Amino acid sequence: MKKIAVLTSGGDAPGMNAAVRAVVRKAAYHGIEVVGVKYGYEGLTNGQFEELDLGSVGSLIQRGGTFLNSARFPEFKEDAVQQKALDNLQAAGIEGLVVIGGDGSYRGAMTLVAKGFPVVGIPGTIDNDVPGTEYTIGFDTALNTVVEAIDKIRDTATSHENSFVVEVMGRDAGDLALWAGLAAGAETVLIPEEAYDLDDIVERLERGAARGKKHSIIIVAEGVMPGHKIAELLEAKTGKKTRVSVLGHMQRGGSPTARDRVLASQFGAYAVELLMEGKAGRAVGVRNHQVIDYDMPEAFQKNHEADMSLYTLMKELSI
Ligand code: F6P
């Protein structure tokens, strides 16, 4: 193998740059050239390629976002578009591709694998929702960002004795909300994986108030409902004003944590090894602290499962 390509796709995640850096440097270590594809599958289709050498990924490990840019490109579902991308790869003499993104990005990757082109996937999304791996690149950084924001919200909630609903990202997954709820000591967390009971939430808040607690933090994952909606429902039941904070895209930004940088470095290097071994249609992941690989379709044929033991623990600790 003499030349491979790498792209980032879907919503960006902190640590994507560190993963690209690892791909480039691991490949260089083995004398393999790397081409960076700009704007994900859109750039692949338009032939937006640039050579990446050791220097071009210098001072990137600490930078958030993705210097290759990313895009959502639903047109890649069309066969003619996929064929154009494949033609571009082959015309550039590229023999393998590393795709960094979520399960949607893996679907695109599998269309190229079906056409005989080797692709390996690296999970990169703040949602932590890629089945088959316990962690995705970006989750730890986003989690720390959310916890830091909630700590600050709690300061003002305490001063003014307010109740706050904090809406966090995660698409259809509750990991970000759940882990942040546990780490920030939220009174209640609503996640898509577990049905919520409004009366139970109100009862918990009232129990806290009876103990003298004058503020509360309720985290709602965006996959459940918008923060404003749950605040309205709670206000209607409690008669008390409930403030709302929607954290939004700040959750996707920022310098990756050390943990995300290490994971990204491990994933990037392992993806290159898989391509060198002639593997295709494999996804990289981590299970029980071991970097592993598995059939990429598993990532979109199965549903993501949240760690419900954390949910139980969160409920037990926030009585
Ligand atoms: O997948 C990452 C993510 O940030 C989700 O948490 C969120 O639902 C979505 O992307 C938002 O996407 P966009 O920035 O395209 O609106």
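List every residue pair whose Cβ atoms lie under 9 Å apart, where the two residues are 6 or more positions apart in sequence or sit on different chains, the first residue falls within the range 198-219 and is in contact (Cβ under 8 Å) with a residue 40 or more places away in the chain and more than 18 Å from ALA236 (Cα to Cα), and the second residue, located anywhere, is open to solvent by 40 Å² or more (accessible area, probe 1.4 Å) and among the polar types (S, T, N, Q).
From residues that are in contact (Cβ under 8 Å) with a residue 40 or more places away in the chain and more than 18 Å from ALA236 (Cα to Cα), the pairs are LYS214/THR158.
Test of understanding: among ILE201, ILE219, which residue is open to solvent by less than 40 Å² (accessible area, probe 1.4 Å) and assigned to a strand (DSSP E or B)?
From the options ILE201, ILE219, the qualifying one is ILE219.
Restricting the range 83-111 to residues that are open to solvent by 10 Å² or more (accessible area, probe 1.4 Å), farther than 15 Å from THR45 by Cα and not small (Gly, Ala, Ser), which is nearest to the ligand (Cβ to nearest atom)?
ASP103
On the basis of being open to solvent by 40 Å² or more (accessible area, probe 1.4 Å) and farther than 24 Å from ASP129 by Cβ, does ALA209 make the cut?
When the stated conditions are applied, ALA209 passes them.
For the range 223-232, give me each residue that is assigned to a loop (DSSP other than H, G, I, E, B) and either open to solvent by 70 Å² or more (accessible area, probe 1.4 Å) or touching a helix residue (DSSP H, G or I) at 6+ places or on another chain (Cβ under 8 Å) (or both).
Result: VAL224, PRO226.
Can you tell me how many residues within the range 152-171 are away from the ligand (no atom under 12 Å from the Cβ), open to solvent by 10 Å² or more (accessible area, probe 1.4 Å) and in contact with a helix residue (DSSP H, G or I) (Cβ under 6 Å, 6 or more places away or on another chain)?
Result for the range 152-171: 1.
Can you find a residue in the range 16-27 that is more than 24 Å from the chain's Cα centre (by Cα), modelled with pLDDT of 95 or more, under 20 Å from LEU89 (Cβ atoms) and more than 16 Å from the ligand (Cβ to nearest atom)?
So far as the range 16-27 goes, yes, one or more of its residues are more than 24 Å from the chain's Cα centre (by Cα), modelled with pLDDT of 95 or more, under 20 Å from LEU89 (Cβ atoms) and more than 16 Å from the ligand (Cβ to nearest atom).
Condition check: more than 20 Å from ALA283 (Cβ to Cβ), crowded, with 24+ Cβ neighbours inside 10 Å and within 19 Å of the chain's Cα centre (by Cα). Does ALA142 satisfy that?
Yes; evaluated as a whole, the condition is true for this residue.
Kindly establish whether GLU194 is touching a residue at least 60 places away in the same chain (Cβ under 8 Å), over 23 Å from GLU148 (Cα atoms), away from the ligand (no atom under 15 Å from the Cβ) and under 29 Å from the mean Cα position of the chain (by Cα).
Answer is yes for this residue.
Given (1) within 16 Å of the ligand (Cβ to nearest atom); (2) at positive phi; (3) out of contact with any Phe, Trp or Tyr (no Cβ under 9 Å at 6 or more places or on another chain), where does TYR39 come up short, assuming only one miss?
(3) is the only condition that TYR39 fails.
Does the range 43-52 include one or more residues that are more than 16 Å from the ligand (Cβ to nearest atom) and among the aromatic types (Phe, Trp, Tyr)?
yes
State all residues of the range 212-230 that are more than 13 Å from the ligand (Cβ to nearest atom), of a type in the set (D, E, K, R) and modelled with pLDDT of 90 or more; if no residue qualifies, say none.
LYS229, the sole residue that qualifies.
Report, by residue number, each residue of the range 155-181 that is assigned to a helix (DSSP H, G or I) and either among the charged types (D, E, K, R) or touching a strand residue (DSSP E or B) at 6+ places or on another chain (Cβ under 8 Å) (or both).
Within the range 155-181, ASP155, ALA157, ASP175, LEU176, ALA177, LEU178, ALA180, GLY181 qualify.
Residue check: is ALA186 out of contact with any Phe, Trp or Tyr (no Cβ under 9 Å at 6 or more places or on another chain), closer than 16 Å to MET308 by Cβ, open to solvent by less than 40 Å² (accessible area, probe 1.4 Å) and not in a strand (DSSP E or B)?
When the stated conditions are applied, ALA186 does not pass them.
The values are calculated or read from the model by the stated rules, or taken from the named source; none is laboratory data. Being a predicted model, the structure only gives us computed values, none of them experimental. Heads up, the Cβs are rebuilt from the backbone with ideal geometry, glycines too, and the neighbour counts pull from every protein chain shown. Calculation scope for accessible area: heavy atoms of the full protein, side chains included, ligands and nucleic acids excluded. Shrake-Rupley method; radii C 1.70, N 1.55, O 1.52, S 1.80 Å.
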